[in-house]
1. If a residue must be in contact with a strand residue (DSSP E or B) (Cβ under 8 Å, 6 or more places away or on another chain), part of a loop (DSSP other than H, G, I, E, B) and β-branched (Val, Ile, Thr), how many such residues does region A:338-363 contain?
2. Residues in region A:268-285: is at least one surrounded by fewer than 24 Cβ atoms within 10 Å (Cβ to Cβ), among the acidic types (Asp, Glu) and modelled with pLDDT of 90 or more?
3. Sort out which residues of region B:70-91 are free of Cβ contacts under 8 Å to residues at least 60 places away in the same chain, of a type in the set (A, V, I, L, M, F, W, C) and either within 23 Å of B:MET255 (Cβ to Cβ) or part of a helix (DSSP H, G or I) (or both), and write them in order of number.
4. State whether the residues of region B:339-353 include one that is within 14 Å of another protein chain (Cβ to nearest Cβ), under 14 Å from the mean Cα position of the chain (by Cα) and either open to solvent by 40 Å² or more (accessible area, probe 1.4 Å) or over 16 Å from B:PHE33 (Cα atoms) (or both).
5. Inspect all residues belonging to region B:135-152 and state whether any of them is at pLDDT 90 or above and of a type in the set (Val, Ile, Thr).
6. Which residues, taken from region B:55-79, are closer than 30 Å to B:LEU136 by Cα and among the β-branched types (Val, Ile, Thr)?
7. Which one of B:LEU11, B:LEU39 is among the aliphatic types (A, V, I, L, M), free of Cβ contacts under 8 Å to residues at least 60 places away in the same chain and open to solvent by 20 Å² or more (accessible area, probe 1.4 Å)?
8. Inspect region B:206-225 for any residue being in contact (Cβ under 8 Å) with a residue 60 or more places away in the chain, assigned to a loop (DSSP other than H, G, I, E, B) and open to solvent by less than 30 Å² (accessible area, probe 1.4 Å) and give the result as yes or no.
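The values are calculated or read from the model by the stated rules, or taken from the named source; none is laboratory data. Every value quoted in this text rests on a predicted model; they were computed, and no experiment measured them. Cβ sites come from the backbone with ideal geometry, for glycine too, and all protein chains shown count toward neighbours. The protein model used for the area step is the full one, side chains on, heavy atoms only, and it has no ligands, DNA or RNA in it. Shrake-Rupley method; radii C 1.70, N 1.55, O 1.52, S 1.80 Å.
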Amino acid sequence: MFKKLFLAAIALVLAGTALAQAPIKIGVNLELSGRFATIGNSTLQGIQAAQQQMSEVLGRPVELSICDNQTTPEGSKACANRFIDEKVVGVLGAISSTMSIAAAQNLQDAGIIMISTSSTNPATTQIGDHIFRVAYTDDFQGKVAAEYAFNTLKARKAAIFRQQDDDYSFGLAGFFQDEFQKLGGQTIMLNFVANTVDFSSQINDARGFKPDVVYYSGFCAEGATLIPQLKQQGFNMQFLGADASDDSQCPTSGGAAFNGYLFTGFGGPEVLTGAAKQRAEDFHKFFNIAFPKATDFNGFTLAGADSYNVLVQAIKDAGTDNEAAVLKSLSNLKDYPGVSGSITFAGTDGTPKDRTIAFFEYLVPGQNGAAWSKISKFGLSTAAASQ
Amino acid sequence: MPWGWIIGLGLVALVIFRIYYVVHVLKARDLAFFVGAMLQSLQLGSLYALIALGYTMVYGIIRLINFAHGDVFMVGAFLAYFLFSRSPYALPWALIWAALSAWGVMFVLNLWRGSFRDPIVIGGGVVAMAGLTYALSATTVNWLLAMLLSMLITGVLGVVIDRVAYRPLRGAPRISLLITAIAMSFFLENTGLLVFTRNQTPFRPPTEWTQYLQFPVFGSTVYTTRLIFLIPLATALLVVALTLFVTRTRLGKAMRASAQDPETAQMMGVNVDRVIATTFLLGSMLAAAGGVLWGLNFGSLNQPAVMGILPGIKAFAAAVIGGIGSLPGAVIGGVLLGFLENFVTALFPRTQHFAGLTEYKDTFAFILLILVLLLRPSGIVGEDLSEKV
């Protein structure tokens, strides 16, 4: 009898550990190849570093299921469907708004949580209650850039280059234009599509307009060609970009033309304040040990790390990996101490309340961009701005 | 053909009237702007012309629309990039590059001597091999040498493509050949993607030619770069060399004969396979030159899978517009296309009530293509069918 009980107890313990060891699966949908490959890999490194810091939750290991969407909306949808089949708890990514929006509807319908790392188009999180993000939104980003151009740079005529076939670039350019015109400036909108190399017609249009500032709302894949062409054609005014320019591809491919290029981006340790600054610095140190060969530590890295952190925290708060419970705790998340500042999802549409946006400047000495560096000028908090 | 002249001069008159209207009535642009746009159009048009020549030559002889030609152009540009940015090379790499270039040198000498066993051809290959191995392992290659070497290697690539993909299909239905050309295009694109996945490759060799240039015209300033001299001049030089080759040499005569009637030419003792290989060699060399100038012009190369597609298709349109199969037709079509893209958008600038035509510039090539195919399927200069090469 005693022996039987003993065996039963052992069996129970074994069963328990077996259950406890079953990993929690998190999907990662990123642009790891194609046009946004560099920022995709920065984000992935951020997620992996965060996973190394916190590799277990509820006593179970966390397993990342990584899917490369190849920077295509179709690829992003295919990744979403793969995660639905794999029954993951939540999906991190995608980075860009176009890919995030492509995946969001499928995941929302399947009832899977999605946390986009850097999608800044306001429409992304409005797709449904399962869709969250770590970044700020473009209405804010466009507004601060327009205010900076108008008030600090004293520009009155802005030429805006936007990528017509991208949700992020198209939306952001519109917000910049609206705010700049509201302040009393004039704008001209110049459109291009993905993979454009010949910008001569757009440059001709811009020359006729005689702008004081050039606002570029697209990605480095085209910007690395556009900005040198503008410089070559004698455009010597200030260039202003957005968070998609926070990509080493811009200075390395664009070279000296990016010297003095200003852009808004996801705030890093230099501009965060208080405890958040300490956390970001600690994470940077950890990151350098985890990825000694990484060339970039930027806003995409931080956003990737925090998307992982908040999802794991929500699973911890829920005490289970049950979908509905995790969603509930994620929607009620308050003041989570993230490496990119505190994150609060309670009472929002999935966009955290207090985000820090920073102004950066590229310094590119010499003709080729090998020796580039990036300095943070100052940071602005979305919470302070909305008060 | 008086109607052709009437239509042509009428269009020119319309353009001049429109310039007058934009400058003096709308006051949206000044005259210097149109001078700048004209120079820019000539620059872009020359590039299209260089690529279009390859399409037209191949079509003239084997009636094949060589869809891989745009990707040959891409390979040429990337080879030059590797040559000037990665040199000096370690010895094994220098040997490989030199061997490929020496092979190209032998092909070129072979055009003159007519046999690979000729001592001058072999000697030239050996000398090129030794000299280039030394040069590539010891010094940094400048853009001009990189362009010449890239032309040689790309020429070899063209011949190899013909040998492995098209020659086995001689006499097969033309549709099989076309599908093979598309397959070859995919092959080159995806191989390029395997080797090189970067989005934008900076193509900025140290040269004075890409420097910014501005000069006053009509009381205002024209903005351009020094390439405005280089690109049309280089194109003109290559086109003249090609024309001389086709009209003045024995092999050129054989090419014209094969274009007219390959079977009869063969009966008269022309080695048609050799003529076709020569066509691919010359067409690919021109495409490589176009690729290098293209890179200099835009300062960067797109990712290999997409770089050749749009320029290739536009150059193909240019060849058809000019009259496919005709050498002057390809040049005229290319330059016309350059003008259409840059000059027509400049003629219709953005005003308060009109968004401008800038965003539609890529469609002009194809609108004109459709018009030409509807109204004059043989192309602008394509009436004389006996001139096809």
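1. Total satisfying the criteria: 2.
2. yes
3. If the condition is that a residue be free of Cβ contacts under 8 Å to residues at least 60 places away in the same chain, of a type in the set (A, V, I, L, M, F, W, C) and either within 23 Å of B:MET255 (Cβ to Cβ) or part of a helix (DSSP H, G or I) (or both), then B:PHE82, B:LEU91 are the ones that fit.
4. no
5. Checked region B:135-152: no residue is at pLDDT 90 or above and of a type in the set (Val, Ile, Thr).
6. Within region B:55-79, B:VAL72, B:VAL75 qualify.
7. Criteria check complete, one pass: B:LEU11.
8. Yes: one or more hits.
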